[in-house]
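Chemist: Handing you this structure, nothing more for now.
The values are calculated or read from the model by the stated rules, or taken from the named source; none is laboratory data. Here the structure is a predicted model, which means the values were calculated and not measured. So basically every Cβ, Gly included, is an ideal-geometry build from the backbone, and we count neighbours across all protein chains shown. Ligands, DNA and RNA are stripped out before the accessible areas are found, and what is left, the full protein with its side chains, is counted by its heavy atoms. Shrake-Rupley method; radii C 1.70, N 1.55, O 1.52, S 1.80 Å.
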Amino acid sequence: MTNPARIRDAVLVGGGHNGLVCATYLARAGLDVTVLERRPVVGGAAVTEEFHPGFRNSVASYTVSLLQPKVIADLDLHGHGLRVVQRRRNNFLPLPEGGYLLTGGGQTAAEVAKFSRRDAEALPAYEARLDAIADVLRALALQPPPNVTDGGWWKALPELLRGARLGRRLHALDETLRQELLDLFSISAAEYLDRWFESAPIKALFGFDGIVGNFASPYAPGSAYVLLHHVFGEVNGVKGAWGHAIGGMGAITQAMARAATAAGVEIRTAAGVREVQVEGGRATGVVTDSGEVLRARAVVANVNPKLLYQRLLPAAAVPAATAERMRHWRCGSGTFRMNVALSRLPDFSVLPGEGDHLTAGIIIAPSLDYMDRAWRDAHDHGWSREPIVEMLIPSTLDDSLAPPGMHVASLFCQHVAPELPGGRSWDDHREEVADLMIATVDRHAPGFAASVLGRQVLSPLDLERVFGLVGGDIFHGALSLNQLFSARPMLGQAGYRGAIPGLYLCGSGTHPGGGVTGAPGHNAAQVLISDLR
């Protein structure tokens, strides 16, 4: 029985991975914590489900790299069953005129040299430059950024000290790297890659990271930072690598749920929140969809900031500056997500047969110009008629996902408009676009379409309905310069404290941004522990 007089230390709205991470740290600090999840399973967008009889796959989030090693160690996720394996090759880029680029496995330089010896020679310096910058930003990811705040010197002093520590870290970079970091925050992925390389395939391969989850052209200013964001990660100690969680992405969040439960967290599923209660200008608890009231000293929102401030809080409780910021909070990542059950592995014309290339990220986007046309077409028409598709076949690394001899594939497709022009609905065009995505793969791997036994299709509208990804935005807000660091979600709220006392944010709409990282949950927990003690 629920005790209506019970006042918890914290109630978390949303049982996605950052909510579970935050809750576990809080409970381990001796706090009374409840997590409420609207769906029947925790994990948010990082879940594994059976989508066709006998076939399971990661539904939305689909690959591992950005998950923080500190979070893995602190929560003992391996001890709670998590196992991550690295791809045998990194990426495979089939080219429409014949040929391909296949990276990883110690063969990247030789592969790039097929197209440009000069580019192959430039690779070590390019990778060293990005790695040096990424090392600094990796460290910054696990601490709150300096928060621009009012309230006099006594509130400003800790932020000044934090800013000084940041300055020392950045000063550790030499002058060239500091300039490069500034450029990466502001210029396009195309401009940055043009500085280093001359051949289209290598620029396409690296440039793809600049538009992942980003409804923009690789020629758009700021897309270079999105590229940088995707090189932060590591798998099993290998920096920049990508991997697969055995059992799919749900294996990560199920391990997190076990860690949370072991720490004493109360987790409730099928328990959506319809309102955050505000009394006397302070967040005091939540009202669930069933009408139950849970009171708490802190309400922690693991949802898109736009959803929090525009749907869950009473409008009168939201300060005018925050309401204005949320009206302009840019969401929408141009993502169309599919899972397909396959009777056999695809057979690519440029590299026939089975092989390690099928364990890689298979990118169908042969040039930056192709990606630019895809974005322009989606902007004007609603979806690109020559789309960008990244396909992963996780069953090549994990035979638990499909029946013997069969396979599952994830298709991460771009570009599509978050909202279709002309008042059209994604519900009327979902299957048409899904057919197009499969046909796009089939052009490179004839027979692919015929091998599809079943499919799961998620348009941007579906991603919002199912997972609360507003506009289908996988990052809970674009990774643009005005929505990063101290401005994420807005100046004055970069320290995970919300617009009113007692309200906190711990999701991907806070620093350091999106991806399955656990960093926002980790950082928010440290702030909450300090405040609640």
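Chemist: For the range 364-374, does any single residue satisfy the condition of being within 24 Å of Gln86 (Cα to Cα) and open to solvent by less than 10 Å² (accessible area, probe 1.4 Å)?
Modeler: Within the range 364-374, one or more residues are within 24 Å of Gln86 (Cα to Cα) and open to solvent by less than 10 Å² (accessible area, probe 1.4 Å).
Chemist: I would also like to ask the following. As an exercise: evaluate Tyr62 against (1) among the aromatic types (Phe, Trp, Tyr); (2) open to solvent by less than 10 Å² (accessible area, probe 1.4 Å); (3) in a loop (DSSP other than H, G, I, E, B) and give the number of the one condition it does not meet.
Modeler: Every listed condition holds for Tyr62 apart from (2).
Chemist: Another one. For the structure I just gave you, tell me whether Gly44 is buried (at least 20 other Cβ atoms within 10 Å of the Cβ) and farther than 18 Å from Asp399 by Cβ.
Modeler: Answer is yes for this residue.
Chemist: Checking the conditions here, which among Ala260, Ala241 is in a loop (DSSP other than H, G, I, E, B) and of a type in the set (Gly, Ala, Ser)?
Modeler: Just one listed residue meets the conditions, Ala241.
Okay, residues lined up against (1) touching a His at 6+ places or on another chain (Cβ under 8 Å); (2) hydrophobic (A, V, I, L, M, F, W, C):
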| position | (1), (2) |
| --- | --- |
| Tyr370 | no, no |
| Trp383 | yes, yes |
| Ile388 | yes, yes |
| Gly405 | no, no |
| Val408 | no, yes |
| Glu419 | no, no |
| Arg424 | no, no |
| Arg430 | no, no |
| Ala449 | no, yes |
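Chemist: How many residues are touching an Asp or Glu at 6+ places or on another chain (Cβ under 9 Å) and either surrounded by 24 or more Cβ atoms within 10 Å (Cβ to Cβ) or at pLDDT 95 or above (or both) if we restrict to the range 1-11?
Modeler: 4
Chemist: Something else now. Scan the range 366-373 and give yes if some residue there is under 28 Å from Leu461 (Cβ atoms) and assigned to a loop (DSSP other than H, G, I, E, B), otherwise no. Even if it seems obvious, please write down each step before you answer.
Modeler: Step one: filter the range 366-373 for residues under 28 Å from Leu461 (Cβ atoms), giving 370-373.
Narrowing further to those that are assigned to a loop (DSSP other than H, G, I, E, B): none.
No, there is no match, as no residue in the range 366-373 is under 28 Å from Leu461 (Cβ atoms) and assigned to a loop (DSSP other than H, G, I, E, B).
Chemist: Restricting attention to the range 73-98, and to residues there that are modelled with pLDDT under 95 and over 26 Å from the mean Cα position of the chain (by Cα), which single residue is farthest from Gly247 (Cα to Cα)?
Modeler: Selected residue: Glu97.
Chemist: Pairs please, first residue from the range 107-119 and in contact (Cβ under 8 Å) with a residue 60 or more places away in the chain, second anywhere and among the hydrophobic types (A, V, I, L, M, F, W, C) and assigned to a helix (DSSP H, G or I), Cβ atoms under 7 Å, 6+ apart in sequence or on different chains.
Modeler: Val112/Ala120; Val112/Leu123; Val112/Ile202; Phe115/Ile202; Asp119/Val112; Asp119/Ile202
Chemist: If you don't mind, there's one more thing I want to ask. For residues in the range 255-281 being of a type in the set (D, E, K, R) and touching a strand residue (DSSP E or B) at 6+ places or on another chain (Cβ under 8 Å), which is most open to solvent (accessible area, probe 1.4 Å)?
Modeler: The extreme case among them is Arg274.
Chemist: If you don't mind, there's one more thing I want to ask. Can you find even one residue in the range 50-59 that is surrounded by fewer than 20 Cβ atoms within 10 Å (Cβ to Cβ), over 20 Å from the mean Cα position of the chain (by Cα) and in a loop (DSSP other than H, G, I, E, B)?
Modeler: Going residue by residue through the range 50-59, those that are surrounded by fewer than 20 Cβ atoms within 10 Å (Cβ to Cβ) are 50-54.
Subset that is over 20 Å from the mean Cα position of the chain (by Cα): 50-54.
Narrowing further to those that are in a loop (DSSP other than H, G, I, E, B): 53-54.
Yes, the conditions are met somewhere in the range 50-59.
Chemist: Looking at the range 477-533, which of its residues are hydroxyl-bearing (Ser, Thr, Tyr) and part of a loop (DSSP other than H, G, I, E, B)?
Modeler: Listed by number, the residues that qualify are Ser480, Tyr496, Ser508, Thr510, Thr517.
Chemist: Give the range 375-388 a look and list any residue that's in contact with a strand residue (DSSP E or B) (Cβ under 9 Å, 6 or more places away or on another chain), surrounded by fewer than 22 Cβ atoms within 10 Å (Cβ to Cβ) and either of a type outside the set (Lys, Arg) or in a loop (DSSP other than H, G, I, E, B) (or both), or say none. Working first, answer last.
Modeler: Here is the first cut: in the range 375-388, the ones in contact with a strand residue (DSSP E or B) (Cβ under 9 Å, 6 or more places away or on another chain) are 375-379, 382-384, 387-388.
Then keep just the ones that are surrounded by fewer than 22 Cβ atoms within 10 Å (Cβ to Cβ); that gives 376-377, 379, 382.
Of everything in the range 375-388, those that are in contact with a strand residue (DSSP E or B) (Cβ under 9 Å, 6 or more places away or on another chain), surrounded by fewer than 22 Cβ atoms within 10 Å (Cβ to Cβ) and either of a type outside the set (Lys, Arg) or in a loop (DSSP other than H, G, I, E, B) (or both) turn out to be Asp377, His379, Gly382.
Chemist: Consider the range 228-264. How many of its residues are more than 20 Å from Arg337 (Cβ to Cβ) and at pLDDT 90 or above?
Modeler: Residues in the range 228-264 being more than 20 Å from Arg337 (Cβ to Cβ) and at pLDDT 90 or above: 12 in total.
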